[in-house]
Amino acid sequence: MKILLTIITSWVTLFILTSQVLGSPSSLKDTVTVQPRRTVEAHRLHEHILVDGILSEAEWQRAGICDFTQREPIEGAAPTQKTEVWVAYDDEALFVAAQLYDSSPDSIVDRIARRDASLNADWFYLGIDSYHDRRTGVFFGVYASGAVADGSMYNDEWDDDSWDGVWESAAKINSKGWAVEMRIPYSQLRFTQQDEYTWGINFARKIERNNEEDFFVMVPKKESGWVSRFADLIGIRDIHPPARLEVMPYVVTSTTQTNQYSGSDPLNKRSSYFGNIGADIKMGLGTNLTLNAAINPDFGQVEVDPASVNLTQYETYYSEKRPFFVEGSNFLNYGFGGANNNWGFNFGTPDFLYTRRIGRAPDGSPQHSGYTKMPERSHIIGAAKLTGKLDEGWSLGTIQAVTSAEYAKTDSDGVRFSDVVEPLTYNGIVRTLYEHDKGRQGLGIIGTAVVRNLDKDYLDDQFNSGSYAFGIDGWTNLDTSRIWVITGWMAGTLISGSPGRISDVQQSYLHYFQRPDVSHVSIDANARSLGGYGGRVALNKQQGNFRFNSAFGLLSPGFDSNDLGYHSRTDILNGHVVAGYAWYEPDGTFRSKSFNIATYRSYNFGGYKIAEGYMAFLYGSFMNYWSIDGNLSYSTSSVDAYRTRGGPMMKTTPGYSCNLGFSSDSRKMVTGSFYVYGSRSESGSYTVEFDPGIGFKPSAGINVTVSPYFMRSVGMAQYITTVSDPTASSTYGARYIFSKIDQTELAASVRLDWTFTPTLSLQLYMQPLISAGKFYGYKELKQPGTFTFNRYGEDGSTISYVDNSQEYLVDPDGAGPNSPFTFSKPDFNYISLRGNVILRWEYLPGSTMFFVWTHGGSDYASYGDFNLHRDLNNLVSTPLHEDVLLIKLTYWWHP
């Protein structure tokens with residue numbers, strides 16, 4: 001209770017001090033534009049519309065909607081070019097046509113790219129809120145070249161382009177400018193049966209050469225809201241929500257060639273072949289819910305994950321790229337609703353669903369030694385996803401998936417064994433949310449479960465038998481203008497397993513209950529479960545020139561959602577305050593600019609301050625459309641409870657960092673960016689990073705980006721290992737070994753996007769990586785809670801390198817009674833070359849063929865030094881590599 005009062009008092013103090021700088025929240029009042037809601041009338045069609053981009057039908061000859069307003073570059077000004085839009089409908093679809101006038105048709109930017117790509121080109125946008133809940137919807141975009149984009153909208157202002165609808169469009173440049181026609185089948189919209197419908201709708205247009213954006217309903221830059229501002233679409237009657245059924249069978253085949261295995265390996269072959277068939281089914285349940293089911297699904301991803309070198313104890317996070325899990329994921333979002341800004345400083349809000357856990361690489365260990373063949377991933381036997389609206393205000397999202405038991409095969413001197421390395425597992429999540437008064441308030445719940453079938457005795461201590469989480473979240477606006485909002489969430493977790501397994505979990509990097517110098521956590525060797533709780537509450541200013549955000553959150557030491565979710569730390573109470581100001585009007589130098597200051601502080605549940613910092617952020621967009629952004633930060637001295645990997649706390653020394661970036665006008669044929677980062681601490685540690693980038697668009701369908709990256713880091717206390725020694729009484733019977741480290745890393749991301757037509761594209765991605773780390777100046781922690789060390793080779797201690805075993809031999813007191821010990825040489829040189837080539841062909845609407853070649857090559861050595869010539873030669877001729885050629889065909893069918 002004392003520490004809770006301390007952190008709350010500190011948080012309130014920070015809140016008050018920051019408020020005094022920029023004024024109290026009640027004084028930061030902004031005017032909100034209140035305009036009558038606009039209406040658009042849809043006309044019933046009495047003729048067939050050929051979607052060809054030629055506006056020859058009689059329906060498009062009547063007077064259309066022309067009243068647009070600029071948002072960029074001059075907010076509130078009249079557009080420089082006229083836009084005229086028509087909306088019509090028949091029994092099966094909604095039709096939208098637009099004539100986008102242009103006095104210089106030859107200056108229209110008609111770049112082309114594959115679906116959902118972000119293009120610097122002229123475009124037309126359509127947003128539809130068919131639920132008419134003022135919170136959610138779908139959007140459709142068409143570029144002047146005919147390229148398309150689509151996605152979903154949620155939380156009023158957020159969008160997600162993972163949804164790919166099946167709809168028709170065409171665009172053509174004509175003597176007046178360019179024209180677009182769109183046909184949106186009702187099967188792609190969600191609405192309930194009514195006699196007459198009112199939907200939300202909005203239109204927008206971009207004139208790329210002017211960087212001009214014109215809107216039918218324009219939301220001022222200093223205000224918030226998007227879907228809630230949409231016009232009312234009226235006039236649609238006598239239509240019926242269609243029965244929705246889509247089936248997408250697939251066939252996939254691949255061949256893999258690798259030299260990662262020796263010729264004497266009887267299990268792992270250098271050549272292998274794979275084939276599979278299955279189907280995805282999408283079915284409407286009622287008018288609002290959508291069931292996605294997968295039969296023998298292919299949940300492999302087409303794109304490769306980037307390589308990285310991780311010297312921390314934390315797990316590397318990878319983004320989800322599998323369409324089944326990405327599409328509709330907004331229905332499963334938790335903890336962030338209601339607010340348009342969610343800052344986090346030294347507090348990692350946990351993800352309750354990290355779908356990369358489903359179908360992951362097996363996490364167990366074989367029980368026998370010898371040649372071993374491990375499965376690459378857990379096979380998903382079946383999966384189902386249900387998303388949509390239950391009724392007005394209620395939404396639902398759920399995923400249920402079962403993965404099979406996976407076996408490692410081992411050949412031990414000719415004797416074959418098969419051991420379970422990943423048990424049969426059920427993964428489930430249910431999320432529901434109720435939004436009241438058009439989203440002014442919200443209340444939701446989430447529940448997750450992971451249940452494993454541990455039918456082998458040796459699995460008991462390797463896996464949790466069950467893992468569960470339950471949470472509540474919500475928000476409420478504090479005023480009628482929706483300027484201020486309070487959001488929050490709270491949740492509990494429970495994992496179960498054998499005493500051996502739960503003991504291992506208690507000592508894992510997420511918990512470190514074995515820490516010897518704290519009293520608020522300890523290992524319970526007989527425990528069969530571990531529970532925890534967490535939560536966060538935040539106050540956010542949604543709109544206006546003044547910005548403000550403040551939050552307080554906590555995660556108890558036993559909180560653990562990592563079986564199905566992702567988070568990297570617990571045992572934390574954290575608060576922050578952010579305040580700033582944004583200018584949206586051009587001043588002759590900047591088109592817009594902003595400045596923010598922030599402070600944060602964190603404690604653990606034992607009352608120790610584990611982080612405190614002060615930050616300043618700046619951003620500016622110049623009149624020539626170049627931009628600058630950066631930040632400065634200063635962190636004070638605190639203690640680190642994780643650096644010794646479960647040992648006593650260490651002091652962290654004060655430090656500062658700076659980040660500065662520039663980017664050029666994205667409309668140009670050649671674009672550039674440059675980011676530099678630097679940090680230094682009082683201990684002498686420092687890091688510098690350079691991240692330049694260049695883009696080249698030589699033609700309408702080709703886009704090349706090259707982003708090299710260079711990092712040099714020198715650390716004064718890199719953790720090496722822990723050695724038990726009862727004589728090390730000052731550090732609780734163990735020696736915590738550290739060293740200095742000099743790490744250099746050089747990498748690049750190279751992308752080529754070559755689009756032939758809106759449905760045929762070629763994508764190339766390549767990532768070379770060279771990373772070298774030299775460790776020196778070995779030492780051990782001298783006293784807990786300090787940044788002091790006993791350095792080996794001084795004060796009677798000795799250290800020597802044993803070349804034939806590549807180990808260091810340390811005697812901590814020379815001729816004294818303490819026992820010598822060894823540890824492996826940690827120096828490393830890691831090189832990697834990853835890449836793939838993807839040819840995508842949407843040969844029919846919703847049906848796609850993929851041709852994919854993937855290359856992965858890597859090598860590891862222990863030189864420690866960075867030698868560009870040597871490492872580049874090794875990179876080109878990586879001795880260990882794998883090449884995969886894959887062909888996948890999907891076919892979209894609907895009755």
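The values are calculated or read from the model by the stated rules, or taken from the named source; none is laboratory data. Keep in mind that what you see is a predicted model, and the values were worked out from it rather than measured. FYI the Cβ positions are ideal-geometry reconstructions off the backbone, even for glycines, and counts take in every protein chain you see. The accessibility values were calculated without ligands, DNA or RNA, using every heavy atom of the protein model including side chains. Shrake-Rupley method; radii C 1.70, N 1.55, O 1.52, S 1.80 Å.
Can you name every residue in region 220-254 that is in a loop (DSSP other than H, G, I, E, B) and of a type in the set (Ser, Thr, Tyr)?
Within region 220-254, the first condition is being in a loop (DSSP other than H, G, I, E, B), and the residues that meet it are 220-226, 230, 238-244.
Hit for region 220-254 is 224, nothing else.
When you look at residue 127, is it without any contact (Cβ under 8 Å) to a residue 24 or more places away in the chain and part of a strand (DSSP E or B), yes or no? The answer is no for residue 127.
Test residue 819 against the criterion of being at pLDDT 90 or above, over 30 Å from residue 765 (Cβ atoms) and open to solvent by 40 Å² or more (accessible area, probe 1.4 Å), and give yes or no.
No, not satisfied.
The residue list 138, 109 contains one member that is assigned to a strand (DSSP E or B) and either of a type in the set (A, V, I, L, M) or open to solvent by 10 Å² or more (accessible area, probe 1.4 Å) (or both), which is 138. The single condition among (1) under 30 Å from residue 263 (Cα atoms); (2) free of Cβ contacts under 8 Å to residues at least 60 places away in the same chain that residue 371 does not meet is (2).
Within region 186-194, can one find any residue that is in contact with a strand residue (DSSP E or B) (Cβ under 9 Å, 6 or more places away or on another chain), assigned to a strand (DSSP E or B) and either at pLDDT 95 or above or farther than 19 Å from residue 145 by Cα (or both)? Give the steps one after another, and end with the answer.
The initial filter retains those residues of region 186-194 that are in contact with a strand residue (DSSP E or B) (Cβ under 9 Å, 6 or more places away or on another chain), namely 186-192, 194.
Subsequent filtering for residues that are assigned to a strand (DSSP E or B) retains none.
Within region 186-194, not a single residue is in contact with a strand residue (DSSP E or B) (Cβ under 9 Å, 6 or more places away or on another chain), assigned to a strand (DSSP E or B) and either at pLDDT 95 or above or farther than 19 Å from residue 145 by Cα (or both).
Of the residues contained in region 452-463, none is found to be surrounded by fewer than 21 Cβ atoms within 10 Å (Cβ to Cβ) and under 26 Å from the mean Cα position of the chain (by Cα). Taking the criterion of being open to solvent by less than 40 Å² (accessible area, probe 1.4 Å) and more than 30 Å from residue 647 (Cβ to Cβ), would at least one residue in region 720-728 satisfy it? There is no residue in region 720-728 that is open to solvent by less than 40 Å² (accessible area, probe 1.4 Å) and more than 30 Å from residue 647 (Cβ to Cβ). Inside region 212-226, can you point out the residues that are farther than 14 Å from residue 545 by Cα and open to solvent by 30 Å² or more (accessible area, probe 1.4 Å)? 213, 218, 226, listed by residue number.
For the structure I just gave you, tell me whether residue 88 is touching a helix residue (DSSP H, G or I) at 6+ places or on another chain (Cβ under 8 Å), in contact (Cβ under 8 Å) with a residue 60 or more places away in the chain and either open to solvent by less than 30 Å² (accessible area, probe 1.4 Å) or not acidic (Asp, Glu) (or both). It is false that residue 88 is touching a helix residue (DSSP H, G or I) at 6+ places or on another chain (Cβ under 8 Å), in contact (Cβ under 8 Å) with a residue 60 or more places away in the chain and either open to solvent by less than 30 Å² (accessible area, probe 1.4 Å) or not acidic (Asp, Glu) (or both).
Filtering 88, 78, 97 for residues that are part of a loop (DSSP other than H, G, I, E, B) and either of a type in the set (A, V, I, L, M, F, W, C) or over 38 Å from the mean Cα position of the chain (by Cα) (or both) leaves a single hit, 78.
Which of the residues belonging to region 53-70 are open to solvent by 40 Å² or more (accessible area, probe 1.4 Å) and either of a type outside the set (Gly, Ala, Ser) or in contact with a Pro (Cβ under 7 Å, 6 or more places away or on another chain) (or both)?
Pass one, region 53-70, residues open to solvent by 40 Å² or more (accessible area, probe 1.4 Å): 54, 56, 58, 61-63, 66-67.
Listed by number, the residues that qualify are 54, 61, 62, 66, 67.
For residues in region 201-211 being part of a strand (DSSP E or B) and open to solvent by less than 10 Å² (accessible area, probe 1.4 Å), which is farthest from residue 81 (Cα to Cα)?
Going through region 201-211, the residues part of a strand (DSSP E or B) turn out to be 201-207.
The next check asks that each one be open to solvent by less than 10 Å² (accessible area, probe 1.4 Å); those that pass are 201-205, 207.
On the way: 201: 21, 202: 18, 203: 15, 204: 13, 205: 10, 207: 9 Å.
The selected residue is 201.
Of the residues 469, 449, the single one that is surrounded by 23 or more Cβ atoms within 10 Å (Cβ to Cβ), within 22 Å of residue 354 (Cα to Cα) and not aromatic (Phe, Trp, Tyr) is 469.
Could you tell me whether region 334-351 includes any residue that is part of a loop (DSSP other than H, G, I, E, B), open to solvent by 50 Å² or more (accessible area, probe 1.4 Å) and touching a helix residue (DSSP H, G or I) at 6+ places or on another chain (Cβ under 8 Å)? No: zero hits.
Test residue 531 against the criterion of being touching a residue at least 24 places away in the same chain (Cβ under 8 Å), touching a Leu at 6+ places or on another chain (Cβ under 8 Å) and more than 27 Å from residue 367 (Cβ to Cβ), and give yes or no. Reasoning before the result, please.
Working: touching a residue at least 24 places away in the same chain (Cβ under 8 Å): yes; touching a Leu at 6+ places or on another chain (Cβ under 8 Å): yes; more than 27 Å from residue 367 (Cβ to Cβ): yes.
The answer is yes for residue 531.
Residues that are part of a loop (DSSP other than H, G, I, E, B), surrounded by fewer than 23 Cβ atoms within 10 Å (Cβ to Cβ) and touching a strand residue (DSSP E or B) at 6+ places or on another chain (Cβ under 8 Å) within region 539-556 comprise 545, 556, listed in sequence order. Residue 699 passes every criterion in (1) open to solvent by 40 Å² or more (accessible area, probe 1.4 Å); (2) closer than 23 Å to residue 109 by Cβ; (3) at pLDDT 95 or above apart from (3).
Of all residues being open to solvent by 30 Å² or more (accessible area, probe 1.4 Å) and out of contact with any Gly (no Cβ under 8 Å at 6 or more places or on another chain) in region 118-135, which is nearest to residue 764 (Cα to Cα)? Just the residue, please.
If we take residues in region 118-135 being open to solvent by 30 Å² or more (accessible area, probe 1.4 Å) and out of contact with any Gly (no Cβ under 8 Å at 6 or more places or on another chain), then 118 is nearest to residue 764 (Cα to Cα).
All conditions in (1) modelled with pLDDT under 95; (2) in a loop (DSSP other than H, G, I, E, B) hold for residue 159, with the sole exception of (2). Across region 234-245, which residue is nearest to residue 483 (Cα to Cα) among those that are surrounded by fewer than 17 Cβ atoms within 10 Å (Cβ to Cβ) and of a type in the set (A, V, I, L, M)? The extreme case among them is 234.
From the list 385, 409, the lone residue that is buried (at least 22 other Cβ atoms within 10 Å of the Cβ) and part of a strand (DSSP E or B) is 385.
Let's see how each residue does on (1) acidic (Asp, Glu); (2) modelled with pLDDT of 85 or more; (3) within 30 Å of residue 322 (Cβ to Cβ):
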| position | (1), (2), (3) |
| --- | --- |
| 220 | no, yes, no |
| 236 | no, yes, no |
| 243 | no, no, yes |
| 246 | yes, yes, yes |
| 249 | no, yes, yes |
| 267 | no, no, yes |
| 296 | no, no, yes |
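On inspection, residue 357 fails the criterion of being within 17 Å of the chain's Cα centre (by Cα) and at pLDDT below 80. Assess whether residue 749 counts as being under 30 Å from residue 690 (Cα atoms), under 28 Å from the mean Cα position of the chain (by Cα) and among the polar types (S, T, N, Q). Judged against the criteria, residue 749 is a match.
Taken as a whole, the structure places residue 231 among residues that are open to solvent by less than 30 Å² (accessible area, probe 1.4 Å), modelled with pLDDT of 95 or more and either on the phi > 0 side of the Ramachandran plot or touching a Lys or Arg at 6+ places or on another chain (Cβ under 9 Å) (or both).
Report, by residue number, each residue of region 132-151 that is among the acidic types (Asp, Glu) and touching a residue at least 60 places away in the same chain (Cβ under 8 Å). First the steps, then the outcome.
Just the residues of region 132-151 that are among the acidic types (Asp, Glu), to begin with: 133, 150.
Scanning region 132-151 gives a single hit, 133.
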